[in-house]
Every structure is written in structure tokens, then in C-alpha cells.
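One structure is given below, encoded as C-alpha cells.
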Amino acid sequence: MTLRILVVGAGIAGLATARALRLAGYRPDVVEELPATMSPGAGIYLPGNASRALRQLGLDAPLRPLGDLIFRQVFLDSRGRQLFEMDVAGLWAGVGESRAMSRADLQQVLLTGVGGEVRYETSVRDLEIFDGAAKVEFGDGSVAEYDLVIGADGRRSTIRAKAGLGGAAVPTGQIVYRSVVTGGPPLSDWTALLGRRSSFVAMPMGGRKLYCLADETAPDAPNPDDPRAHLRNIFASFGGPVPAILSAVEKVSVARTDEVVIDSWSRGPVLLVGDAAHATAPTLAQGAAMSFEDAVVLGDELKRTGGDVPAALYAYELRRRPRCGAVRDRTRERDRTRDVPPALRDPMLRRRGLRIFAEHYRPLVPPV
């Protein structure tokens, strides 16, 4: 069955969805309101289930030479003393490799898999649902009808708002600082230092670069005017590799994390995927993985139902909701653990951290 499909958003979720639709035999239109020159600048960590989904999308081969493989996660206290370590390769054995890499490189791999043109600088001005179809008015005034519109446009989704599927994302109270560092200390492992309501994570991402992701719980604090100076101030007392990393940091991006929790991911022929449907804080590094899995399942269900959109969307949400909900719950649990005072938290993590944190991922080892 030929379906007219529109994918709104050409980030990770949108490009993965477009790839899955292509593999299922469809030729979706893909639009993105940002210009093509807006390349993501940070790094990204892809756990084993993200690699499995990319393999299902046929994109594992171009990924292999990129970034660095991660075999261990090492957790330290704020002074750099070990709390516990996790055998990541063992955890994801038979599932997929864990990899840290440039987000721009991942974007390029996903773009090569789309198989068609992305229309950049194209926004959705209006969306009207009628008789099992959707009429879309674009920013340039043009209008088109679609059998399926997929909102892959992130936490602040325009499609979510225009389809009446939910309100704004809800802040978690965290501020996240991201940086790609050249000339920092040599690191071979994903390494996290846990402080008081704060953490600093660094990992090798290939090309002698480190990807750093730091955060603090500060719900009422304003965004800093000088993120680099603020980052150095917050983590000035940290030990381990942090002082050398802070000395090498040049550029820092700042974001407030938020969650998207809504009652339904679809209305008529409109479906939300990725962060537009189920965004969480980045604590478990499952945002990209959940988007890739969304894409795989949507392609599966459209093929299984022979292009019956209502049946496919119903089955899709039935399959995806429990898994994405579990990720959200475990993300909140880990954030609560991180915010326990170190005098109580650190001895507990030395005793039971490996078991607790490994259990956050075990439900994701079986395929969706």
C-alpha cells in the first residue's frame, strides 16, 4: 500500500524513522525547520541497545570506524576514589557494542540512510486532522495532505502542540553542561565522579578527544552567563581526571533537562516519536536508543499491518510504552540516588552500586 508520509524533524529520531520507513517500502517526505548548516557540536554515548537498533536499520557498518568503544563504566566519588565499576561489554554481550562518538558524525551516518532529500528551513505552520488524513501547511504557505504525519521534532515539539497531544515539557530541575575536550588527560573508560547533587562524566570519543557531560540539580538557579567559568567553579573541588579536563575545556553548552509524559502518542494519523513523545533526563544515555527502537518498531508494525495506519499506530504504542516508561522510571531512580547526600550514598554504592546500576539496563537487553 502506498502511503503519503511526512516526518517532521531531521535530528536523530526523524532520520532514524525515515530510514525505517524506507526499509519498510515507503518514501517519506522529511522536513526540518533549521538550516542544513546547523551541525550538532557535542558528543553522544550509545549503549548496546542503541547499536542493536542501528544494526536493524542497516547502519552499523558506517558506524564501526567512528568514535571509541566503551568497555567499562567507572564510578568514583568526588575526590576520585572508586565506588564501583561496571563491565559494559559483558552487560551488552550479544546485543551490541557501546560507543562514544561525535554527534555530528552520527547525524551524517543517519543522513546517508535516509535515501531521499531533507527539506531544510521548512517549518510546519498549521496541522489539521480530518477523515483519517492530515492537512499540513508549511511555513512557505504551501499545503499538502498526508496519510501519516510523524512528529520527530524533539522535546519542544510543534507537532505535539498542534495535534493537541500534550503541553510543554516539564523541567526536571537539572542543568546539564556539555563539552568536547581536546588535549585532556588520557581516558580509556567512561568515567563518572559523583558529588553533592552533581556529577561529572567523561569518556573517550575518538580522535584523542573526550566527551564531557556534567550536571547539577539547581531548579531555581539561572543559566550562567559564563558557562565555562561556572563549570570550573562548580567542579573545582573534584579530583581524579576532572582538574586536567577543566583546564582543557574551551567551549561549554548549557541546557536544562526536562521530561515529556503524555497520555497518548498519537491522534488520528499523527504520531509522536523520540523525545517528542517520551523525553527524559540524559542520565541513562537512552534518548538516542529509544528513538532508534521507536523507528524499528514503527517500520515493523507498518509492514505487519500492510500499511493500516490506525492498526500500526495502536500496536506501536502498545509495544513501546512499557519500555520507554521503564527508562523514565529508572532515570528518575538513578537521579534520586545521585542526589542522596554523599556520606550516605557513597558507602551504599561501594556495597551495592554495581547491582543497582546494572539492573537499570537489564530490562533493555532483550529485544523490544
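Read the figures in this text as sums done on the coordinates, not as results from a lab. Here the structure is a predicted model, which is why all the values come from computation and not from measurement. Quick reminder, even Gly has a Cβ in these numbers, built from the backbone with ideal geometry, and neighbours come from all protein chains shown.
Observations
- Rounded to whole Å, sorted largest first: equivalent-ellipsoid semi-axes of region 218-343, Cα gyration tensor: 39, 15, 14
- Straight-distance candidates among the lysines for linking to residue 303, with alpha-carbon spacing under 26 Å and chain neighbours fewer than 8 residues away dropped: 135.
- Straight-line cross-link reach from residue 251 at under 14 Å between alpha-carbon atoms covers these aspartates and glutamates, not counting any fewer than eight positions away in the same chain: 225, 226.
- Across all directions, the shadow cast by the convex hull of region 118-197 built on its C-alpha atoms averages 9.7 square nanometres.
- Classification of region 16-55 by its C-alpha gyration tensor yields an oblate form. The axis ratio a/c (a ≥ b ≥ c) is 1.5 or more, and b/c is at least a/b.
- Förster radius 41 Å - calculated FRET efficiency between residue 82 and residue 61 (Cβ-Cβ, nearest 0.05): 0.65
- Degrees separating the helix 287-304 axis from the principal Cα axis of the chain, which is the longest one: 30
- Assuming charge only on the beta carbon of Lys and Arg (+1) and of Asp and Glu (-1), the dipole of the chain about its Cα centre is about 1320 debye to the nearest 20.
- The slack between residue 332 and residue 143, meaning 0.36 nm per residue of separation minus the straight C-alpha distance, is 63.9 nm.
- Whether region 84-228 is rounded, prolate or oblate, judged on the alpha carbon gyration tensor where a/c under 1.5 counts as rounded: prolate
- Region 1-137 - convex hull of the alpha-carbon atoms, volume per residue in Å³: 163
- Cleavage-rule hits (trypsin sites (Lys or Arg not before Pro)) in region 223-275: DSSP loop, at most 12 neighbouring Cβ within 10 angstrom: 251
- The long axis of helix 309-338 is offset from the longest Cα principal axis of the chain by roughly 10 degrees.
- Per-residue [θ]222 nm for the chain (sum of -39500 (n - 2.57) over DSSP H runs n ≥ 4, rounded to 500): -11000 deg cm²/dmol
- Inter-centroid distance (Cα atoms) of region 268-327 relative to region 18-78, Å: 16
- Compared with the dominant principal axis of the Cα atoms in the chain, helix 103-114 is inclined by about 20°.
- Euclidean distance between Cα centres, region 185-210 to region 93-111, Å: 18
- Matching label, Rg/Rh (Cα atoms, Kirkwood Rh) computed from the structure shown, candidates (i) 0.97; (ii) 0.95; (iii) 1.00: (i)
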